[in-house]
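*Asks:* Have a look at the structure that comes next, please.
The values are calculated or read from the model by the stated rules, or taken from the named source; none is laboratory data. The structure displayed is predicted, hence computed values, not measured ones. Don't worry about glycine lacking a Cβ; one is built from the backbone with ideal geometry, like all the others, and counts go over all protein chains shown. What goes into the accessible areas is simple: the full protein's heavy atoms, side chains included, and nothing from ligands, DNA or RNA. Shrake-Rupley method; radii C 1.70, N 1.55, O 1.52, S 1.80 Å.
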Amino acid sequence: MKIAMVGSGYVGLVSGACFADFGHDVVCIDKDEDKIQRLREGIMPIYEPGLDDLVDKNAKAGRLSFTTDLAEGIAGAGAIFIAVGTPSRRGDGHADLSFVYAVAREIGESLTNDAVVVTKSTVPVGTGDEVERILSQSPAVTERGLKVAVVSNPEFLREGAAIGDFKRPDRIVIGAEDDFGREVMHEVYRPLFLNESPILFVGRRTSELIKYAANAFLATKITFINEISDLCEKVGANVQDVARGIGMDNRIGSKFLHAGPGYGGSCFPKDTLALLKTAEDYESPVRIVEAVVKVNDTRKRAMGRKVIDALGGLDAARGKRVAMLGLTFKPNTDDMRDSPAIGVAQALVDAGVSVAAYDPEGMEQARPLMPEVEMKDDPYAAIEGADAVVIVTEWNVFRALDLNRVKQLANAPVLVDLRNIYKPSDMREAGFEYTSVGRE
């Protein structure tokens with residue numbers, strides 16, 4: 001089947017490359033001419049392990065191509081995916097659906113064959129209804145009499161593990177309102193159906209809500225264990241042991257129970273906010289999610305204060321230097337969106353602390369977001385002359401630091417581990433003043 005993927009960002013590019021790897025003929029469409037040209041040259045716009053090889057293999061096989069021409073790209077496509085951004089709208093926090101609706105209108109103008117239009121972007125409940133209304137009033141239907149179905153198919157990809165998640169999913173959720181939509185989507189996912197991946201067919205509005213509910217629940221797990229970690233510090237418990245103890249309960253599960261500086265990234269912050277706004281619109285408040293958003297917003301600067309405390313307090317910290325290791329919101333990505341590192345760095349700068357930082361992939365993206373932070377070429381260059389070292393993102397390179405070298409380069413052997421990647425006993429034996437999260 002020919003598949004068109006409108007939007008060649010994170011979701012669109014990963015999904016398009018994986019569909020091509022399944023054997024489909026995929027065209028990725030984007031209005032950014034520079035991005036499309038770079039993709040044709042094999043240059044990825046994002047960092048995702050294995051993506052460059054996957055794109056290269058399928059492009060050379062003729063199954064994956066790139067264009068800026070939507071009409072050309074969707075011609076003959078049986079499924080047209082909308083995978084454009086839905087950022088939080090400035091002013092009210094609602095998801096900005098202008099890009100989604102603009103694509104729907106353009107599809108309606110250009111479509112010349114029966115097709116299923118699929119919202120892959122994360123969209124609030126009812127978005128598919130509006131996309132359907134736009135298409136039903138478009139020339140594709142009113143003049144050319146084409147059969148067009150609108151389907152919701154949310155993505156559940158983790159940055160840093162997206163290709164594996166796409167090819168070996170926990171589940172595939174498809175929200176369809178007619179047989180045509182269900183039949184085409186069954187064909188799109190036939191390779192995974194043959195591998196017995198769970199495919200859940202539901203109503204379109206249900207599918208749209210599943211995505212938001214899933215992300216809000218995971219954000220709640222992260223926020224819960226972060227608050228428990230604070231309690232652990234007060235009562236002398238170990239949050240990692242608490243997490244293991246509750247995570248072994250199959251009703252709870254062990255994932256997303258790692259205490260740290262709060263969640264960030266492209267999904268959780270904007271999706272929890274969009275869910276709150278949807279709930280407000282329908283006068284059905286979700287108080288738990290409200291608390292999650294508030295707690296997470298305050299946690300990032302609180303982690304900055306933890307570093308300031310390790311420096312001896314606010315007065316002692318002024319004029320000192322801190323090395324920040326890790327800037328992206330998680331390892332194995334270059335994504336800086338709502339990264340906890342931004343809040344941590346701002347709290348330090350506001351306290352009069354100078355900050356030097358290193359991240360394996362995210363420094364180019366971080367520079368405009370953190371203009372006061374000095375970017376270094378390697379972790380030891382950042383550590384040189386530091387009065388404290390803080391680990392913000394758990395990249396593997398930071399799990400094997402040469403601790404003797406760290407002590408030699410730093411002004412003081414102070415290490416604040418916001419990801420709990422080292423053992424407190426080992427660090428103290430190595431001569432460090434060591435602070436972690438939720439542990440003594």
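*Asks:* So the check is Cβ under 6 Å with 6+ separation or different chains; which pairs have a first residue in the range 195-220 that's assigned to a strand (DSSP E or B) and a second one that's of a type outside the set (A, V, I, L, M, F, W, C) and open to solvent by less than 10 Å² (accessible area, probe 1.4 Å)?
*Replies:* Between residues of the range 195-220 that are assigned to a strand (DSSP E or B) and residues that are of a type outside the set (A, V, I, L, M, F, W, C) and open to solvent by less than 10 Å² (accessible area, probe 1.4 Å), the close pairs are VAL202/GLY175.
*Asks:* Taking the range 40-82, which residues are more than 26 Å from PRO154 (Cβ to Cβ) and among the small types (Gly, Ala, Ser)?
*Replies:* GLY42, ALA59, ALA61, GLY62, ALA71, ALA75, listed by residue number.
*Asks:* Is one or more of the residues making up the range 164-171 assigned to a loop (DSSP other than H, G, I, E, B), out of contact with any Phe, Trp or Tyr (no Cβ under 9 Å at 6 or more places or on another chain), open to solvent by 30 Å² or more (accessible area, probe 1.4 Å) and in contact (Cβ under 8 Å) with a residue 40 or more places away in the chain?
*Replies:* No, every residue in the range 164-171 fails to be assigned to a loop (DSSP other than H, G, I, E, B), out of contact with any Phe, Trp or Tyr (no Cβ under 9 Å at 6 or more places or on another chain), open to solvent by 30 Å² or more (accessible area, probe 1.4 Å) and in contact (Cβ under 8 Å) with a residue 40 or more places away in the chain.
*Asks:* Working carefully through the options ALA316, ALA341, ALA347, find the one that is free of Cβ contacts under 8 Å to residues at least 24 places away in the same chain, in a helix (DSSP H, G or I) and open to solvent by less than 50 Å² (accessible area, probe 1.4 Å). Outline the logic, then answer.
*Replies:* Values: ALA341 fails: free of Cβ contacts under 8 Å to residues at least 24 places away in the same chain; ALA347 fails: free of Cβ contacts under 8 Å to residues at least 24 places away in the same chain.
From the options ALA316, ALA341, ALA347, the qualifying one is ALA316.
*Asks:* Would you please list the contacts, defined by Cβ atoms under 9 Å and residues six or more apart or on different chains, that run from a residue in the range 130-159 that is open to solvent by 60 Å² or more (accessible area, probe 1.4 Å) to a residue that is among the acidic types (Asp, Glu)?
*Replies:* What qualifies is GLU132/GLU177; LYS147/ASP114; ARG158/ASP165.
*Asks:* Would you pick out the residues in the range 210-222 that are in contact with a strand residue (DSSP E or B) (Cβ under 9 Å, 6 or more places away or on another chain) and crowded, with 20+ Cβ neighbours inside 10 Å?
*Replies:* Residue satisfying the conditions is LYS211 alone.
*Asks:* Within the range 100-116, is even one residue part of a strand (DSSP E or B), modelled with pLDDT of 95 or more and either surrounded by 16 or more Cβ atoms within 10 Å (Cβ to Cβ) or touching a helix residue (DSSP H, G or I) at 6+ places or on another chain (Cβ under 6 Å) (or both)?
*Replies:* yes
*Asks:* Kindly list, by first and then second residue, each pair from a residue in the range 388-408 that is touching a residue at least 24 places away in the same chain (Cβ under 8 Å) and open to solvent by 10 Å² or more (accessible area, probe 1.4 Å) to a residue that is aromatic (Phe, Trp, Tyr) and part of a helix (DSSP H, G or I), limited to pairs with Cβ atoms under 7 Å and residues at least 6 apart or on different chains.
*Replies:* As it stands, the answer is ARG405/TYR380, since those pairs meet every condition given.
*Asks:* Of all residues in the range 73-89 being of a type in the set (Gly, Ala, Ser) and outside any strand (DSSP E or B), which is farthest from VAL100 (Cα to Cα)?
*Replies:* GLY76
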